[in-house]
Amino acid sequence: MDWFAASKKVLNKHHFVYRRDGGTDQRTNLRLVHADCHRQHHAGDSKRTPE
């Protein structure tokens, strides 16, 4: 299996400032995170209250 193809499945792009909060897809607003870590990070999003 090609390394890039394998790693692409376990990495997700994450926005520092969420798009729903006005964040962009510019590289300065993105980071790569492990897919499981990304899911855990967003697990509580539905409980988030608007500021």
- Note on the structure: Sorted by accessible surface (1.4 Å probe, heavy atoms of the protein chains only), largest first, H42, H14 come out as H42, H14
- Task: Would you mind computing, in nm to one decimal, how far apart the modelled labels at H14 and H42 are, each placed 7 Å from Cα along Cα→Cβ?
- Result: 1.1
- Item | For region 24-34, 3J(HN,Hα) per residue [Karplus equation, 6.51 cos²θ - 1.76 cosθ + 1.60, θ = phi - 60°, Hz, x = Gly/Pro] | 10, 8, 5, 4, 5, 9, 10, 8, 8, 9, 4
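The values are calculated or read from the model by the stated rules, or taken from the named source; none is laboratory data. Worth saying up front: this structure is predicted, and the values here are computed from it rather than measured. A quick note on method: Cβ atoms are made from the backbone with ideal geometry, for glycine too, and the neighbour counts reach across all protein chains shown. Ligands, DNA and RNA are stripped out before the accessible areas are found, and what is left, the full protein with its side chains, is counted by its heavy atoms. Shrake-Rupley method; radii C 1.70, N 1.55, O 1.52, S 1.80 Å.
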